[in-house]
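S.K.: Dumping the structure here so I can ask a few things about it.
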């Protein structure tokens, strides 16, 4: 292991010269925390990660950074600590209560950091906390509202269900007829409009699909699936700015499944010739889902265009680990030997 900073904390104990003699100095009991920090995507070590541990009882702060191997090592007084792990370009992590091990004096804590940006919960301002709570409340309220809006009942439901069955069977013309009949009886039902738009899209009628998705979203503007599908329809028409905007709205509407739409934004940026924007989008996709194999491949291709051959090798090798027989596997295997020649 390379040299890393270590510290042995010793109490400052006053020595009283008494008539009966002096008090012997004693070192405070300590424990060792160590570990390794790597990129969650590439599994490569990260140098310069700042690890801070604040003693919760004494409010003393201890800090260190990882070495070239991504390793850190620190000796601390016994106690409970609030631990933070931070470095630029990665989503930070924190652990409110890290303590010495119950047995022995050594604790190992390894971390995988996701590429991206973020702020720790403990570092949020009051204004940011209020805004997050507001967004969370709005999301929960909208979730119930969306489900209520989507409900199809009575005679309309019979026509709707028949239309969905036909759509699932690939009988798009018949499905369109059933869904249009349902729409006559309930013209303000976004679920019917959304499935009708899906049928138009499947038939290649992209103008009609865009028009119908737009009508559905006017009634239910936070439906992430419809926003994604609208973005795909825009892509088919070559409407790149509109596609990007629709995918970004889908990310906002459903942050839990943002990986798909960050990937979509990346592909749109590749097609628009905006390599740096594509890299940013693919990295955000991987921050949301480190196992999104296609994003590793696409990121690798973008890094080749940027001249970052070492980064491209890491991305393509990660892709092959995740999807060794995937649709891009042959190309990745073909390119890796040539790329490795360039970094020698």
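The values are calculated or read from the model by the stated rules, or taken from the named source; none is laboratory data. The structure presented is a predicted model; accordingly, all values stated were derived computationally and were not measured. When we count neighbours, we look across all protein chains shown, and the Cβ atoms used for this are built from the backbone with ideal geometry, even at glycine.
S.K.: When you scan the range 81-101, do you find a residue that is assigned to a loop (DSSP other than H, G, I, E, B), free of Cβ contacts under 8 Å to residues at least 12 places away in the same chain, under 26 Å from the mean Cα position of the chain (by Cα) and within 16 Å of residue 40 (Cα to Cα), even just one? Walk me through it before giving the result.
M.R.: From the range 81-101, those assigned to a loop (DSSP other than H, G, I, E, B) are 87-89, 91-92, 100-101; that's our starting set.
From the residues that got through so far, the ones that are free of Cβ contacts under 8 Å to residues at least 12 places away in the same chain too are 88.
The next check asks that each one be under 26 Å from the mean Cα position of the chain (by Cα); those that pass are 88.
With the extra rule that they be within 16 Å of residue 40 (Cα to Cα), the set shrinks to 88.
Looking through the range 81-101, at least one residue is assigned to a loop (DSSP other than H, G, I, E, B), free of Cβ contacts under 8 Å to residues at least 12 places away in the same chain, under 26 Å from the mean Cα position of the chain (by Cα) and within 16 Å of residue 40 (Cα to Cα).
S.K.: Could you check how many residues of the range 293-325 are touching a helix residue (DSSP H, G or I) at 6+ places or on another chain (Cβ under 6 Å) and not in a helix (DSSP H, G or I)?
M.R.: 1
S.K.: Next question, about the same structure. Anything in the range 256-307 that is closer than 19 Å to residue 229 by Cβ, surrounded by fewer than 22 Cβ atoms within 10 Å (Cβ to Cβ) and under 13 Å from the mean Cα position of the chain (by Cα)? List them, or say none.
M.R.: 256, 257, 259, 260
S.K.: Could you check, for the range 214-232, whether at least one of its residues is more than 22 Å from residue 254 (Cβ to Cβ) and modelled with pLDDT of 90 or more?
M.R.: Restricting attention to the range 214-232, the residues satisfying the condition of being more than 22 Å from residue 254 (Cβ to Cβ) are none.
The answer is no; no qualifying residue exists.
S.K.: Still on this structure: Looking at 216, 253, 233, 224 in this structure, which one is farther than 28 Å from residue 137 by Cα and crowded, with 20+ Cβ neighbours inside 10 Å? Lay out the reasoning, then the answer.
M.R.: On the way: 216 fails: farther than 28 Å from residue 137 by Cα; 253 fails: farther than 28 Å from residue 137 by Cα; 224 fails: farther than 28 Å from residue 137 by Cα.
Matching residue, one of 216, 253, 233, 224: 233.
S.K.: Looking at (1) modelled with pLDDT of 90 or more; (2) touching a strand residue (DSSP E or B) at 6+ places or on another chain (Cβ under 7 Å); (3) in a loop (DSSP other than H, G, I, E, B), can you tell me which one residue 67 breaks?
M.R.: Every listed condition holds for residue 67 apart from (2).
S.K.: Tell me, please, whether a residue that is at pLDDT 80 or above, assigned to a helix (DSSP H, G or I), exposed (fewer than 15 other Cβ atoms within 10 Å of the Cβ) and in contact with a strand residue (DSSP E or B) (Cβ under 9 Å, 6 or more places away or on another chain) can be found in the range 123-139.
M.R.: There is at least one residue in the range 123-139 that is at pLDDT 80 or above, assigned to a helix (DSSP H, G or I), exposed (fewer than 15 other Cβ atoms within 10 Å of the Cβ) and in contact with a strand residue (DSSP E or B) (Cβ under 9 Å, 6 or more places away or on another chain).
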